[in-house]
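What follows draws every value from the coordinates through simple rules; no lab data is involved. Since we're looking at a predicted model, the values are computed, not measured. In this analysis, Cβ positions are derived from the backbone assuming ideal geometry, glycine residues included, and neighbour counts consider all displayed protein chains.
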Amino acid sequence: MPQSLNERACIGWWWPKDRPPLFGDAEVYRSLQRVSEPILLLNVDGKVAIGEGGHTVLGRDSRIESSQNPHERTKDESLDAAAASRSRSDGYPILAYVAPCRPENLGDPGFREDYRLRYAYVAGSMANGITSAEMVEAMGRAGMLGSFGAAGLSPQDVEAALDRIQARLGNLPYASNLIHSPNEPDLENALADLYIRRKVRVVEASAYINLTLPLIRYRIHGIHRTPSGEIVTPNRVIAKVSRIEVATRFFSPPPEKMVSQLVEQGHITRDQAVLAARIPVAQDLTAEADSGGHTDNRPLVTVLPTMIALKDALQSKHGFTMPMRVGAGGGIGTPAAAAAAFSMGAAYVMVGSVHQACVESGTSDAVRDLLAKTEQADLAMAPAADMFEMGVKVQVIKRGTMFAMRAGKLYDHYRLADSIDAISKDQRAALEREIFQKPLNQVWEETIAYFRKRDPAQIDRARTSPKHQMALVFRWYLGQASRWANRGETTRRLDYQVWCGPSMGAFNEWVRGSFLEARQERKVVTVAMNLLVGAAILTRVQGIKTQGIPLSPTASRVTPLGVEEIQQCLA
């Protein structure tokens, strides 16, 4: 049977000064919210109370040093003085003690230091500028890391965004996305060139299956030793990975063949090649669980511990002097999820889907409205535009849009037919009427115009490969579907492609009935601070529970906080 409070051994004694013990769930929750202050839970006549201020002596039967300066006298003298100055009849036994837990102390201190952050919190890149320059700037000013959503944009558009970000953030931290582009290697190479030229010091590498030469060139550009012998890598890579074999490549030195190729091309020296063998491709890796966009739908509770164990093994195997770290992404939509990730050892949390509904995101109000109503089951997998031919899929919203079904139909045609001309007349007419809403010949002409600027090699290949031509035409729909959504194109509302994971539904359920239910109130820093402060509160709740003290749901339920309330928690 459960012990009564009077049967529990106390861990110390507390004597009041200005305030008597405080009772009730409201006082317990208020104490939990003050994350900069310790919590003392007392046994007062068989009831749980909160002690604030006063004098505290911790230790079973008070057999440890008092809260007075332990360096001024011996342990026994301190205990004797505490016992002599106050009788136990005036004090209250302490049932549980929980230390302060500020949100800036969550995660790995080295991660925060290396990236010059206050919080171990990353706004992950969402393609087509959905993680906008405005969002990246807001993150940087708040002491967090934002990664610009460069995927799907031209190098010219990415450089324009960098112009703004670098001008407004100055020396504050930021990152930009470098996505694996197996069908457009020239584009990936151009972005790596841009990042090196513009001295973008952090890239988020996403959707990689294999390492590429542009990524490796970016990573080891400028590598050198300090006079003290320390290896310095000016360019950092944060990899976003869900597969063990891919994580192994990122947590290993750059492939020798690629390094030799860079030496031959004159991009690095032989001395730099030697140094490259002493570093991992990515010092930091996000274990990507069930996320929006490219995902393997892995559960975080399995993929994160696995990636951490892999990191430890490869750190030992390669003898890297720089510590490697693993963060958590995918499914982080509530304070409970963030607290769980940190408790499992995540160096940082990365949030994506939830930010898409924020006012700073580079999407439309129509999509924000859709996201604010999304539930966890309102999702489906659909073919990915950038890896269409490979059968790779992305997670999207299915509620209020027919994109997933229509994109799946296109992939079925691609898989079964060798060319557009091999599709039956009736089926082609249905595609033109229901999906493309224009003749496929016209779509092909628009596709030619697009790739003439972006990657002319694709046109040449399509002219000799009808199957590739069909892929490019079908990818036209997949690419446009995202742009229609971002622009809020009302005539194509049923074709919106909105990348989203179940964290969005979890967030909506958590904020229901609060001010954050309205999407107009969802500012990215407010959302981020709610997740972090809430995670700190729940960490303290768990600290109480692990000491065997039950808390009522009312006393431990974390609710969304306004800006002033957050400041009060941190004071």
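Pairs of Cα atoms under 8 Å, at least six residues apart: use those to get the relative contact order of the chain, whole percent. Could you put the intermediate results ahead of the total?
On the way: 1073 pairs, mean separation 84.3, N = 571.
Contact order relative to length: 15 percent.
Take the Cα of Phe515, step 7 Å toward its Cβ, do the same at Lys453, and the gap between the two points is 4.2 nm. Distances between placed amide hydrogens fall under 5 Å for Leu42 paired with Ala49, Ile50, Gly51, Leu95, all partners being 5 or more residues away or on another chain.
Put in order of Cβ neighbour count within 10 Å, fewest first, the listed residues Glu256, Glu517 become Glu256, Glu517. Calculated mean residue ellipticity at 222 nm for the chain: -12500 deg cm²/dmol, from DSSP H runs with n ≥ 4 weighted as -39500 (n - 2.57), summed, divided by the residue count and rounded to 500.
The label point for Asn441 and the one for Glu565, both projected 7 Å from the Cα toward the Cβ, are 6.2 nm apart. Here the range 104-364 carries DSSP beta bridges of which approximately 5% are antiparallel, counting only pairs with both residues inside.
Which whole-number percent gives the relative contact order of the range 104-364, counting Cα pairs below 8 Å spaced six or more residues apart?
On the way: 511 pairs, mean separation 48.9, N = 261.
Relative contact order here is 19 percent.
The distance from the alpha carbon centre of the range 135-176 to that of the range 373-419 is 29 Å, rounded to a whole number. In this calculation the C-beta distance from Ser419 to His224 is compared with R0 = 41 Å, giving a FRET efficiency of 0.20.
Within the set Lys240/Lys425; Lys409/Lys523; Lys257/Lys317; Lys393/Lys438; Lys199/Lys257; Lys373/Lys425, which residue pairs have Cα atoms separated by over 32 Å? Cα-Cα > 32 Å for Lys240/Lys425; Lys409/Lys523; Lys373/Lys425; rest within. Across the range 99-109, computed HN-Hα scalar couplings (Karplus, 6.51 cos²θ - 1.76 cosθ + 1.60, θ = phi - 60°) run 6, x, 9, 6, x, 6, 9, 6, x, 8, x Hz from first to last residue, x flagging Gly and Pro.
When DSSP assigns beta bridges and you keep just the ones with both residues in the chain, what percent turn out antiparallel, to the nearest 5? Present the calculation step by step, with values, prior to reporting the outcome.
Details: 27 of 54 bridges.
Counting DSSP beta bridges with both partners in the chain, the antiparallel share is about 50 percent.
Mean sequence separation of contacting Cα pairs (under 8 Å, at least six apart), scaled by the length of the range 402-495, corresponds to a relative contact order of 36 percent. Of all complete DSSP H helices in the chain, those with a Cα span along the helix axis of 27 Å or greater and a mean Kyte-Doolittle hydropathy of -0.5 or more are 524-545.
Which order do the peptides 393-399, 460-466 take when ranked by the mean count of other beta-carbon atoms within 10 Å per residue, highest first? Walk me through the intermediate numbers first.
On the way: 393-399: 23.0, 460-466: 13.7.
My ranking of the peptides, most packed first, is 393-399, 460-466.
According to the square roots a ≥ b ≥ c of the eigenvalues of the Cα gyration tensor, what is the shape class of the range 402-495, taking rounded for a/c under 1.5, prolate for a/b larger than b/c otherwise, and oblate for the remainder? It is oblate, given that a/c is not under 1.5 and a/b is not larger than b/c. Using 0.36 nm per residue and subtracting the Cα-Cα separation, the extra length available between Ser465 and Arg116 on full extension is 120.7 nm.
In terms of packing, defined here as the mean over residues of other Cβ atoms within 10 angstrom, the peptides 52-58, 211-217 line up highest first as 211-217, 52-58. With Cα atoms as the point set, the chain shows a radius of gyration and Dmax of 27.7, 98 Å. Taking only the alpha-carbon positions of the range 104-364 and ignoring solvent, what does the Debye formula give for the base-10 log of I(q)/I(0) at q = 0.12, 0.16 Å⁻¹? For the requested q values the scattering log ratios are -0.66, -1.24.
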